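The values are calculated or read from the model by the stated rules, or taken from the named source; none is laboratory data. Just so it is clear, the structure is predicted and the values come from calculations on it, not from any experiment. Cβ: placed from backbone, ideal geometry, glycine included. Neighbour counts: every protein chain shown.
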Amino acid sequence: MRDDRGLEAEVRELSDVVAALLADQGGCEWNRAQTHESLVTYLVEECAELVEAVEDGTAADRREELGDVLYQVVLHSAIAARASGDAFDLADVVRDVRLKTVRRHPHVFGGASASDVDDIVRLWSAAKAVEKASRSSAYDGVPRGLPALSRAQKLEGRRLAAGAPPADGGVQGRDAGLVEVGDAGDDAELLWGRDLLAAVDAAGRGGIDAERALRRAVREREALLRAREEQAPRA
């Protein structure tokens, strides 16, 4: 059974430890010198280690890496609390994500009903759309810092959700003889992975940086999608 009092105490103690590291008197000079920007490298690294632990590690590995990511959240929040401008603290971060989670699950915390997973996704998407009403494009909010492959799939998912046509624009991909998912059976994911790996190998043999090449192609596709979106008749 979960010990909520223990959870609260542990989070408070971690917050106090980070506050001590940032203290002007008796704190850690290295920690005090850090900014949100300088910590990005460590945040990316810790998230990557968590992904590796989830996919290939043990429960102990996942526990450790989740803690490292949590430390980053607490540290960023503590740095923000020391800011002279738009300051916020860990309590604000926790409150915001709690309220957002409640809003996006009205079938659990509100009066909405959902008969299946599709209904749940629809309710979640509708709640998010209200929160992000200020966005002017279906492609806003896809982080540019994502790896190129992930970003490409995210943009394509947004296009499909918006019911927009493909972004061909005369720009055609090279036919690499990739396997069709329907023909791959249970090994579809692995076969696609092998095809992608073969494409990366081919790029390397040609002196091409595969990640940079894909980033360029993704930016090109995004520009075409946004241009087509702007040209589409407004409802």
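Quick notes on this one:
- Restricted to the range 103-126, and to residues there that are under 18 Å from GLY157 (Cα atoms) and not acidic (Asp, Glu), the residue that is surrounded by the fewest Cβ atoms within 10 Å (Cβ to Cβ) is VAL117.
- For the range 201-230, the tally of residues that are more than 15 Å from LYS154 (Cα to Cα) and of a type in the set (D, E, K, R) stands at 9.
- Residue count for the range 130-152 under the criterion of being out of contact with any helix residue (DSSP H, G or I) (no Cβ under 7 Å at 6 or more places or on another chain) and closer than 19 Å to PRO166 by Cα: the result is 2.
- Scanning the range 20-50 for residues that are part of a helix (DSSP H, G or I) and either closer than 15 Å to ALA83 by Cα or not aliphatic (A, V, I, L, M) (or both) yields LEU22, GLU29, TRP30, ASN31, ARG32, ALA33, THR41, TYR42, GLU45, GLU46, CYS47, GLU49.
- Criterion violated by VAL51 - all others in (1) among the aliphatic types (A, V, I, L, M); (2) assigned by TED's automatic domain parsing to the domain that holds VAL11; (3) surrounded by 15 or more Cβ atoms within 10 Å (Cβ to Cβ) satisfied: (3)
- Boolean, LEU43 is touching a residue at least 24 places away in the same chain (Cβ under 8 Å), closer than 26 Å to GLY157 by Cβ, surrounded by 12 or more Cβ atoms within 10 Å (Cβ to Cβ) and assigned by TED's automatic domain parsing to the domain that holds GLU8: yes
- Test for ASP92: is it part of a loop (DSSP other than H, G, I, E, B), in contact with a helix residue (DSSP H, G or I) (Cβ under 9 Å, 6 or more places away or on another chain) and either surrounded by 13 or more Cβ atoms within 10 Å (Cβ to Cβ) or without any contact (Cβ under 8 Å) to a residue 24 or more places away in the chain (or both): no
- Scanning the range 133-145 for any residue that is more than 28 Å from ARG219 (Cα to Cα) and loosely packed, with under 10 Cβ neighbours inside 10 Å turns up nothing.
- Residues in the range 127-160 that are in contact (Cβ under 8 Å) with a residue 40 or more places away in the chain and of a type in the set (S, T, N, Q): 1 in all.
- Yes/no for VAL121 being at pLDDT 95 or above and β-branched (Val, Ile, Thr): no
- Single unsatisfied condition, THR58 versus (1) among the polar types (S, T, N, Q); (2) without any contact (Cβ under 8 Å) to a residue 12 or more places away in the chain; (3) within 30 Å of LYS128 (Cα to Cα): (3)
- Positions within the range 62-81 being in contact with an Asp or Glu (Cβ under 6 Å, 6 or more places away or on another chain) and touching a residue at least 12 places away in the same chain (Cβ under 8 Å), in sequence order: GLU65, ASP68, VAL69, GLN72, SER77
- Any chance ALA78 is assigned by TED's automatic domain parsing to the domain that holds VAL18, modelled with pLDDT of 95 or more and of a type in the set (A, V, I, L, M): yes
- Members of the range 51-72 found to be within 21 Å of SER15 (Cα to Cα), touching a helix residue (DSSP H, G or I) at 6+ places or on another chain (Cβ under 6 Å) and not charged (D, E, K, R), listed by number: VAL69, GLN72
- The residue list VAL93, VAL97 contains one member that is in contact with a Ser or Thr (Cβ under 7 Å, 6 or more places away or on another chain) and not basic (Lys, Arg), which is VAL93.
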